[in-house]
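**Student:** One structure coming up, written as C-alpha cells, with questions to follow.
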Amino acid sequence: MSLQSGESNNNVVNQAVVAVFLRCVECAALYPGTGDPPRYRCECGGVLDVEAAFHHPTQQPALQEEYETLTATVSDFTPLAGAHWRQLFDERATLPPTWSTSADTLVPDRSGVWRYRELILPIPEQYIVSRPEGNTGLYPVGRENCGNRREGHRQIGHYAGLDNFFLKHEGENPTGSFKDRGMTVGITMAHLLGARAVACASTGNTSASLASYAAQLGLPCIVFLPAAHVAGGKLAQSLAYGARTIQIEGDFDDAMRLVEQVCNEMGIYLLNSLNPFRIEGQKAIGFELLQQLDWHVPDWLVLPAGNLGNTSAIGKAFRQALQLGLISRLPRIAAIQAAGANPFYRSFVNGFSRRERVQAQTIATAIKIGNPVSYKRALRVIEESNGVVEEVTDEEILAAKTVIDRSGIGCEPASAATLAGARKLVEHGIIKQDEFVAGILTGNLLKDSQTGIPQQKQGGAIEASIEAVRLALSDLALK
Ligand code: F0G
C-alpha cells in the first residue's frame, strides 16, 4: 500500500535521490532507490543494499571517473582521491558547532553522520532531519595507550590483555545508542517520501531512537516490542516520546515478522535495519572512528552482533573507505554474539555453509535475536575482512560490564560483549596483545538500570545524623 496520503511528491523525491539504487545481496538484482510503495526486499526475498555514486563537492573533472562508481577497484589514483576526501571531512570537523541563523536548516557538518554526507546519502541538504547525532567519545583504554590520569580506564586494557585499545562509546548519541546514526538517515527518507507514519520492531534501542526522531518530525510512530524483554530505560523512552507502543507476546523475531507485514499492508514506512538507508547512516560509526584516529587503520574492530545491521554497516564503511583511498587496508572485524543468541556464530563455525536460526536466550536483551535480518550482508563483511565471529556467555558479559562500569565509562549489557569478546579472542591468540584494536560500546549504561548493577537493599537508607554516617563508613580504610 502507498506511503503517501494525498498528492504524491514523487517528482521531488526522484530529483532529490538521483543516482541511488538498491541491489539485492542474494541475486544482485537492481532496483531504483525510491518508489511508492517502498521496497525493502528483492523479488527473491533477499535484503537490499544501497548503491550510490559518490561526488566530491570540489571534484575535478580528471578525477570524475574515479569517484563515480562504487564498484571501482583500488587504482593508482586512490591515494590522491583519499587525500581530497580526508581534507574535506577534516575541514568540516573543525567548523564551530553552530546552527544557521539565516535559515531554519541545520548546518550538517555538525552531525557525525551528515559530515560524511557524500558517502551516506547524496541528497540536497534542505531535506536532512538531524538532532544532530554522532561525535561520540573515543576512549584510549589499552595498557600502553591509556595515558595519564586514567588508571580506571586502563583496567579495561588489563582485562582484555591489550596494549593498544580504544573504545568508541556510541551510547553518547542523543537517545543513548548507535541507532541514532541510522535513524537520522531513515527518518530523512521518511520525510522525503512523504510517509504518513513510521514503525519498527525492536529490542528497545531502535524503538527509542525512532520514537524520538518521529516526534521531532511530528510523524506518528508505532513500535513493536517483545513483551517483558525490553530494558526499562528503553521502554520508558518509547512511551515518553509518544510512540504507539505495542508489546507482542513473543520474541524480537516474531515482532520483526509482524512489523514487516503490517507496514506493507498499511502503507507505513518501515525503519528497521531491513531498511537499507538505516545501514547507510550507521556507516558513519566507521568513518568517524577512522577520522578520530587521524585515518590510522586499527588491526581489529570488535562489536556486539544481534540483527547484524551494525556489522554490515561498519564493514561497508571500511570497504568504501578503502575504495576511495581514505585508508589503505581493511581492519579485521570481530562480531561478538551472546552464547544463547548465537546463530551467526554457529554459521561461522560451520564455514558459513548454512544459515542457522536459534531460539534466543540471553540477559543482554538488546542482542536477544535468533534469526538476524542482515545475515547475508554481515557474512560478506566477515569474509572480506578476514574477520571472525565469537560467542560469549552471559557470565562473561556481566563480568566485562562490571569492568567497564567500574572504570567510570559504563555501558549497557549487550555492549559489554565487545570487551568480553576481545578478551576471549586475545586468550585464544587470535588477537595479539600488541595489535591495535578498536571496540564499539553500543548503548548507554542508563538504558538498563537492573542487569549487572548492584541494587540498593530495600530500607538501606541510614538516619540523617553524623553518628550514623560515621558508623556507615567505619570500615573505610583511606590510604
Ligand atoms: N548493542 C545494542 C545496545 C543494541 O541495541 C543492538 C541492537 C546491538 C548491539 C546489535 O546490533 O542488531 O545491528 O547487530 N538492537 C536492535 C534494537 C536489534 O532493536 O534496538 P545489530
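The values are calculated or read from the model by the stated rules, or taken from the named source; none is laboratory data. As the structure is a computational prediction, the values presented were derived from the model and not from experiment. Neighbour counts are summed over all protein chains in view; Cβ atoms, including those assigned to glycine, are modelled from backbone coordinates with ideal geometry. SASA here: full protein model, heavy atoms, side chains in, ligands and nucleic acids out. Shrake-Rupley method; radii C 1.70, N 1.55, O 1.52, S 1.80 Å.
**Student:** Inside region 228-246, can you point out the residues that are modelled with pLDDT under 95 and either of a type in the set (Phe, Trp, Tyr) or over 22 Å from the mean Cα position of the chain (by Cα) (or both)? Walk me through it before giving the result.
**Tutor:** Just the residues of region 228-246 that are modelled with pLDDT under 95, to begin with: 228-229.
Passing the criteria: only Ala228.
**Student:** Does region 311-326 contain any residue that is on the phi > 0 side of the Ramachandran plot and within 16 Å of the ligand (Cβ to nearest atom)? Don't jump to the end; show me each part of the working.
**Tutor:** Applying the first criterion (on the phi > 0 side of the Ramachandran plot) to region 311-326 yields 325.
Next, from what is left, pick out any that are within 16 Å of the ligand (Cβ to nearest atom): none.
No.
**Student:** Within region 406-413, identify whether any single residue is over 18 Å from Phe165 (Cα atoms) and buried (at least 24 other Cβ atoms within 10 Å of the Cβ), and answer yes or no.
**Tutor:** Restricting attention to region 406-413, the residues satisfying the condition of being over 18 Å from Phe165 (Cα atoms) are 412-413.
Retained after the next criterion (residues that are buried (at least 24 other Cβ atoms within 10 Å of the Cβ)): 412-413.
Yes: region 406-413 contains one or more residues that are over 18 Å from Phe165 (Cα atoms) and buried (at least 24 other Cβ atoms within 10 Å of the Cβ).
**Student:** Kindly provide the set of residues from region 125-146 that are touching a residue at least 40 places away in the same chain (Cβ under 8 Å), open to solvent by 30 Å² or more (accessible area, probe 1.4 Å) and polar (S, T, N, Q), ordered by number.
**Tutor:** Answer for region 125-146, where residues must be touching a residue at least 40 places away in the same chain (Cβ under 8 Å), open to solvent by 30 Å² or more (accessible area, probe 1.4 Å) and polar (S, T, N, Q): just Asn135.
**Student:** Need pairs with beta-carbon distance below 8 Å; first residue farther than 14 Å from Gly286 by Cα and within 13 Å of the ligand (Cβ to nearest atom) and within region 165-179, second open to solvent by 20 Å² or more (accessible area, probe 1.4 Å) and among the charged types (D, E, K, R); sequence gap 6+ or separate chains.
**Tutor:** Asn173/Lys179
The rows are residues; the columns are (1) crowded, with 19+ Cβ neighbours inside 10 Å; (2) of a type in the set (A, V, I, L, M); (3) at pLDDT below 95.
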residue: Gln292; (1), (2), (3): no, no, no
residue: Trp295; (1), (2), (3): no, no, no
residue: Pro298; (1), (2), (3): yes, no, no
residue: Val302; (1), (2), (3): yes, yes, no
residue: Gly309; (1), (2), (3): yes, no, no
residue: Ser312; (1), (2), (3): yes, no, no
residue: Lys316; (1), (2), (3): yes, no, no
residue: Arg332; (1), (2), (3): yes, no, no
residue: Ala335; (1), (2), (3): yes, yes, no
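**Student:** Now a separate question. Looking for whichever is in contact with a strand residue (DSSP E or B) (Cβ under 6 Å, 6 or more places away or on another chain) and within 16 Å of the ligand (Cβ to nearest atom) here; the options are Pro276, Pro331, Pro298. Which one fits?
**Tutor:** Details: Pro331 fails: within 16 Å of the ligand (Cβ to nearest atom); Pro298 fails: within 16 Å of the ligand (Cβ to nearest atom).
Every option except Pro276 fails the conditions.
**Student:** Yes or no: region 453-471 includes at least one residue that is over 27 Å from the mean Cα position of the chain (by Cα), among the β-branched types (Val, Ile, Thr), part of a loop (DSSP other than H, G, I, E, B) and away from the ligand (no atom under 16 Å from the Cβ). Break it down into steps so the answer makes sense when it comes.
**Tutor:** First, the residues of region 453-471 that are over 27 Å from the mean Cα position of the chain (by Cα): 454-471.
Going one step further and asking which of them are among the β-branched types (Val, Ile, Thr), we end up with 462, 466, 469.
From what is left, the residues that are part of a loop (DSSP other than H, G, I, E, B) are 462.
Pick out the ones that are also away from the ligand (no atom under 16 Å from the Cβ) and you get 462.
Scanning region 453-471 turns up at least one residue that is over 27 Å from the mean Cα position of the chain (by Cα), among the β-branched types (Val, Ile, Thr), part of a loop (DSSP other than H, G, I, E, B) and away from the ligand (no atom under 16 Å from the Cβ).
**Student:** Here is a further query. For region 115-141, which positions are assigned to a loop (DSSP other than H, G, I, E, B) and within 14 Å of Phe277 (Cα to Cα)? Lay out the reasoning, then the answer.
**Tutor:** We begin by selecting, within region 115-141, every residue assigned to a loop (DSSP other than H, G, I, E, B); these are 121-124, 128-137, 141.
If the condition is that a residue be assigned to a loop (DSSP other than H, G, I, E, B) and within 14 Å of Phe277 (Cα to Cα), then Leu121, Pro122, Ile123, Ile128, Val129 are the ones that fit.
**Student:** Shifting gears a bit: Testing Thr365 on (1) under 21 Å from Lys432 (Cα atoms); (2) touching a His at 6+ places or on another chain (Cβ under 6 Å), one condition comes back false. Which one is that?
**Tutor:** So Thr365 meets the others, but not (1).
**Student:** How many residues are near the ligand (Cβ under 10 Å from one of its atoms), open to solvent by less than 10 Å² (accessible area, probe 1.4 Å) and part of a loop (DSSP other than H, G, I, E, B) when one looks only at region 342-376?
**Tutor:** Residues in region 342-376 being near the ligand (Cβ under 10 Å from one of its atoms), open to solvent by less than 10 Å² (accessible area, probe 1.4 Å) and part of a loop (DSSP other than H, G, I, E, B): 4 in total.
**Student:** In region 436-449, which residues are open to solvent by 40 Å² or more (accessible area, probe 1.4 Å) and either within 16 Å of the ligand (Cβ to nearest atom) or among the aliphatic types (A, V, I, L, M) (or both)? Reasoning before the result, please.
**Tutor:** Keep residues of region 436-449 that are open to solvent by 40 Å² or more (accessible area, probe 1.4 Å), which gives 436, 444-446, 449.
Passing the criteria: Asn444, Leu445, Leu446, Ser449.
**Student:** Name, by its number, the condition in (1) open to solvent by less than 60 Å² (accessible area, probe 1.4 Å); (2) part of a loop (DSSP other than H, G, I, E, B); (3) of a type in the set (Asp, Glu) that does not hold for Asp475.
**Tutor:** Failed condition: (1).
**Student:** Still on this structure, please answer the following. Is one or more of the residues making up region 207-219 more than 12 Å from the ligand (Cβ to nearest atom), open to solvent by less than 10 Å² (accessible area, probe 1.4 Å) and touching a Cys at 6+ places or on another chain (Cβ under 8 Å)?
**Tutor:** Yes, some residue in region 207-219 is more than 12 Å from the ligand (Cβ to nearest atom), open to solvent by less than 10 Å² (accessible area, probe 1.4 Å) and touching a Cys at 6+ places or on another chain (Cβ under 8 Å).
**Student:** Do we have Ser8 as of a type in the set (Ser, Thr, Tyr), under 29 Å from Leu271 (Cα atoms) and modelled with pLDDT under 55 here?
**Tutor:** On the way: of a type in the set (Ser, Thr, Tyr): yes; under 29 Å from Leu271 (Cα atoms): yes; modelled with pLDDT under 55: yes.
Answer is yes for this residue.
**Student:** What about Leu271, is it touching a Lys or Arg at 6+ places or on another chain (Cβ under 9 Å), on the phi > 0 side of the Ramachandran plot and within 12 Å of the ligand (Cβ to nearest atom)?
**Tutor:** Spelling it out, it is not the case that Leu271 is touching a Lys or Arg at 6+ places or on another chain (Cβ under 9 Å), on the phi > 0 side of the Ramachandran plot and within 12 Å of the ligand (Cβ to nearest atom).
**Student:** If I go through region 26-60 residue by residue, how many of them are assigned to a strand (DSSP E or B) and either touching a Gly at 6+ places or on another chain (Cβ under 9 Å) or free of Cβ contacts under 8 Å to residues at least 24 places away in the same chain (or both)? First the steps, then the outcome.
**Tutor:** Kept after step one, since they are assigned to a strand (DSSP E or B), are these residues of region 26-60: 30-32, 41, 47-52.
Next, from what is left, pick out any that are either touching a Gly at 6+ places or on another chain (Cβ under 9 Å) or free of Cβ contacts under 8 Å to residues at least 24 places away in the same chain (or both): 30-32, 50-52.
Residues that pass the stated criteria total 6.
**Student:** May I ask you to list pairs of residues, at least six apart or on different chains, whose Cβ atoms are under 9 Å apart, with the first in region 408-435 being farther than 13 Å from Val388 by Cα and more than 16 Å from the ligand (Cβ to nearest atom) and the second being at pLDDT 95 or above and among the acidic types (Asp, Glu)?
**Tutor:** Pairs found: Arg423/Glu396; Lys432/Asp299; Gln433/Asp163; Asp434/Glu144; Asp434/Asp163; Glu435/Asp163; Glu435/Asp299.
**Student:** May I pose another question? Which of the residues spanning region 238-268 are among the polar types (S, T, N, Q) and either assigned to a loop (DSSP other than H, G, I, E, B) or more than 11 Å from the ligand (Cβ to nearest atom) (or both)?
**Tutor:** Across region 238-268, the qualifying residues are Thr245, Gln247, Gln261, Asn264.
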